[in-house]
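Shown next, in structure tokens, is the structure this report addresses.
All of the numbers you see were taken from the coordinates with simple rules; none came from a lab. Fair warning: this is a prediction, and the values are worked out from it, not measured in the lab. Please note: Cβ atoms are built from the backbone with ideal geometry, for glycine as well, and neighbour counts cover all protein chains shown.
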Amino acid sequence: MTAEKIREIRIRENTSQAVFARHLNVTTSLVSQWERGEKRPRGASLKLLTLVAKNGLSAVV
């Protein structure tokens, strides 16, 4: 998943990086790094992001 796609999902869900991170059980810093392309989501985080992309943030709340 690209940095642009992650940012697009978060903005579509109308949440801050901090709130988005809380829902994905990661740090705000990690979400920021994903959005800047410094790191890429893997494992459970990638699965959750895919789920949010498909069904919205309410799917993981």
Taking r as the C-beta separation of Arg42 and Val19 and R0 as 25 Å, the FRET efficiency to the nearest 0.05 is 0.70
Taking a ≥ b ≥ c as the square roots of the eigenvalues of the Cα gyration tensor, with a/c under 1.5 meaning rounded and otherwise prolate when a/b exceeds b/c and oblate if not, the chain is rounded
Computed about the Cα centre, the charge dipole of the chain from +1 Lys/Arg and -1 Asp/Glu charges at the Cβ has a magnitude in debye, to the nearest 20, of 140 debye
Given the candidates Thr27, Asn55, Ala44, the one whose Cα lies deepest towards the positive end of the charge dipole of the chain, counting +1 at each Lys or Arg C-beta and -1 at each Asp or Glu C-beta, is Ala44
Rounded to the nearest 500, the 222 nm mean residue ellipticity computed for the chain from DSSP H runs (n ≥ 4, each -39500 (n - 2.57)) alone is -19000 deg cm²/dmol
